[in-house]
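J.: Dropping the structure in here first, questions after.
The values are calculated or read from the model by the stated rules, or taken from the named source; none is laboratory data. The structure presented is a predicted model; accordingly, all values stated were derived computationally and were not measured. We place every Cβ from the backbone using ideal geometry, glycine too, and count neighbours over all the protein chains shown.
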Amino acid sequence: MSDQTITSVSREHRVFRPSAEFQRQANLGSYSAYKKLYAESVNAPEKFWTRQGKELLSWRKPFKQALRWKLPHAKWFVGGQLNVAENCLDRHLGTARENKAAIIFEGEPGDIRTLTYKQLHREVCRFANVLAKLEVSKGDRVAIYMPMVPEAAIAMLACARLGAIHTVIFGGFSSEAIKDRVNDCQAKVVITADGGWRRGKVVELKSNVDRAVAATPSVKSVVVLKRTGNPVTMTEGRDLWWHDLVAQVPAEHKARGFDSENPLFILYTSGSTGKPKGVLHTSAGYLLGTTITSKYVFDLKDTDVYFCTADIGWITGHSYVVYGPLANGATVLMYEGAPNQPGPDRFWEMIDRHGVTIFYTAPTAIRAFMRWGDDHVKKHSLRSLRLLGSVGEPINPEAWMWYHTLIGKKRCPIVDTWWQTETGAIMVSPLPGVTPTKPGSCTLPFFGVIPKVLDEAGKEVPRGSGGKLFLKSPWPSMLRTLWGDDERFKRQYWSELPGYYFAGDGARIDEDGYLWVVGRIDDVLNVSGHRIGTAEVESALVSHPSVAEAAVVGRPDELKGQALVVFVIVKTGIEATKELREELRSHVAKEIGSLARPDDVRFAAGLPKTRSGKIMRRILKEIAAGGEVKGDTTTLEDFSVVAALQAQEE
């Protein structure tokens, strides 16, 4: 077993069984029903997915074959045609859902807007006409850099309606990050806003776009939504106001059917190498994955008000704010701002006021709520809640119990979901009313998913032992490739063990067959639920004129999951001062975005390296956490470097 493999030390034995009351109304009502469907999904996958595809999606042209699999490339629902936006909107028209709320939006300042399915359909048609006038058509790329407002979802769905490919860039990223992503996919149009609200302040989105677009020759137009009213510079011929454009087009748009494998979006995710990876998802398989998981994992009903706190810039915002819930005809609550604005009870106050029934958030947020104190929760009844969810990283049992007791009042099932940008939809999760849960375990695989925990030789590890997490068979919502880099796609996900998808996580399976994910195996850091590649942060540091070399590691942090600790070697003649430390923190925030701002900058005379020149981050992690350096150090080139770093720590 390599020292990279994560072994879990957690041994959680508490089990929470589904209540009879929840079970009676669940979309999947029994454990035996789950076992039967799961067995069919792995033993006769084509039969299973053919039926689900026909039942859950609306087709323009029926598919001929459920799966064509030539490892590592999958084609799902071959020969079929559909329109993703039509599946999320048009099919609810003329039914009882057309006048039901699709999106309830609440801005940080307290403004509220509701869009019914009929109204949302009209706005998407309008914006599809706007994009068509800007000469966006099938296959063109459109970048979306917006606050959490309904127009972000409208822009995504308008792209889908036209067969164009959207790439949503998180509103917290810097102009550098926008530039890199826009240039990589050669986006034709950028959609943004003057600003967005965050912690009572305006985040100036348009000025970030202006700086980025100065170096993105592919961009022909920038569409700007007026959200905050802060002054912005509009470049004639390129920059256009959203409200002016939609006023000039009709509210009807005839959707076309597109091939089931037509690309839907590119979503960039940090890699362990410096360049962000453009994960490519296509239409029918991705939509089916998000639709079926939304239906069963969240037990969605027509009466639900569903609140997922994820930003639209992450995969969770794509799959479980927009596509999955809307395909199911759900009512989605969308919130723009921070969870502690104006006070730490903002979410609980909103849950009571809007009658939220399903709440899906990250362990990072849960740990923040715990730190802010129980009194903020106890002021609110939270009586409307019936189901809780967790996403983004493994949830520690202590946070799970707090969530269960204080937020769920011991009556709401918790669905602790494991999945990735690459998987597109939830892979492993309890099914509410069906699966007995254990605090900290994502429990059992979803339909069609075969997780395996294997050692370096590809053998299954004994129950309870840690190994690397792999997925054995293709699934509909899987990524198809990395944009413009199929070789990297093969190398990154399919080369670890032939025939298996490598998830990059360490895990164990317990004696009941429950999966426990114990964290990343590579050097990707998980800060506040966001994956940040060490190489991206390191290259940002080294771009500073004072820095010769840098290494980045995570230190366990109760609130954020991991805090960023950077070890920096300054250039000869440069003095390591307090001022430089602050300057480097700000520099990283400017280069990548504030979420990558280091928590701790430590100056070093040298870094622990192997003889081949590879930085031994494992040693730096142990030093950063204030622990003893353990494990194999035989490959270390110069042990005095470690001694010097430890002496500095003391």
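J.: Check LEU120, LEU131 and return the single one that is in a helix (DSSP H, G or I) and more than 25 Å from the chain's Cα centre (by Cα). Give the steps one after another, and end with the answer.
T.: Working: LEU120 fails: more than 25 Å from the chain's Cα centre (by Cα).
After ruling out the rest, the residue left standing is LEU131.
J.: Between VAL629, VAL568, which is at pLDDT 80 or above and hydrophobic (A, V, I, L, M, F, W, C)?
T.: VAL568
J.: Could we say that SER137 is of a type in the set (Ser, Thr, Tyr), at pLDDT 95 or above, in a helix (DSSP H, G or I) and touching a helix residue (DSSP H, G or I) at 6+ places or on another chain (Cβ under 9 Å) here?
T.: no
J.: Filtering region 554-581 down to residues that are within 18 Å of ALA365 (Cβ to Cβ) and hydrophobic (A, V, I, L, M, F, W, C), which residue is surrounded by the fewest Cβ atoms within 10 Å (Cβ to Cβ)?
T.: LEU559
J.: For region 323-340, enumerate the residues that are part of a helix (DSSP H, G or I) and either surrounded by fewer than 24 Cβ atoms within 10 Å (Cβ to Cβ) or out of contact with any strand residue (DSSP E or B) (no Cβ under 8 Å at 6 or more places or on another chain) (or both).
T.: TYR323, GLY324, ALA327
J.: What are the residues in region 272-312 that are touching a Ser or Thr at 6+ places or on another chain (Cβ under 8 Å) and part of a strand (DSSP E or B), if any?
T.: Within region 272-312, LYS277, GLY278, VAL279, LEU280, HIS281, THR282, VAL305, TYR306, CYS308 qualify.
J.: At pLDDT 85 or above, within 28 Å of the chain's Cα centre (by Cα) and over 16 Å from LEU525 (Cβ atoms): which single residue out of HIS544, HIS587 fits that description?
T.: HIS587
J.: Just to verify a result, which residue in region 482-525, among those that are among the small types (Gly, Ala, Ser) and farther than 30 Å from ARG14 by Cβ, is modelled with the lowest pLDDT?
T.: Selected residue: GLY499.
J.: Does ARG346 count as closer than 30 Å to GLU98 by Cβ, surrounded by fewer than 22 Cβ atoms within 10 Å (Cβ to Cβ), basic (Lys, Arg) and in the same structural domain as THR405 (by TED's automatic domain parsing)?
T.: In short, no.
J.: Can I ask one more? Mind checking which residues of region 147-168 are farther than 14 Å from GLU123 by Cβ and of a type outside the set (Val, Ile, Thr)? Before you say what the answer is, go through the steps one by one.
T.: We begin by selecting, within region 147-168, every residue farther than 14 Å from GLU123 by Cβ; these are 147-148, 162-168.
Correct list: PRO147, MET148, LEU162, GLY163, ALA164, HIS166.
J.: Quick one: in region 301-312, which of the residues that are more than 16 Å from PRO363 (Cα to Cα) and surrounded by fewer than 24 Cβ atoms within 10 Å (Cβ to Cβ) is modelled with the lowest pLDDT?
T.: ILE312
J.: Next question. Quick one: which strands (runs of 3 or more DSSP E) sit completely within region 146-263 and have at least 3 residues that are in contact (Cβ under 8 Å) with a residue 40 or more places away in the chain and surrounded by 20 or more Cβ atoms within 10 Å (Cβ to Cβ)?
T.: Details: elements: 165-168, 189-193, 196-198, 201-203, 221-225, 239-241.
Because the criterion is at least 3 residues that are in contact (Cβ under 8 Å) with a residue 40 or more places away in the chain and surrounded by 20 or more Cβ atoms within 10 Å (Cβ to Cβ), the strands (runs of 3 or more DSSP E) in region 146-263 that meet it are 165-168, 189-193, 221-225.
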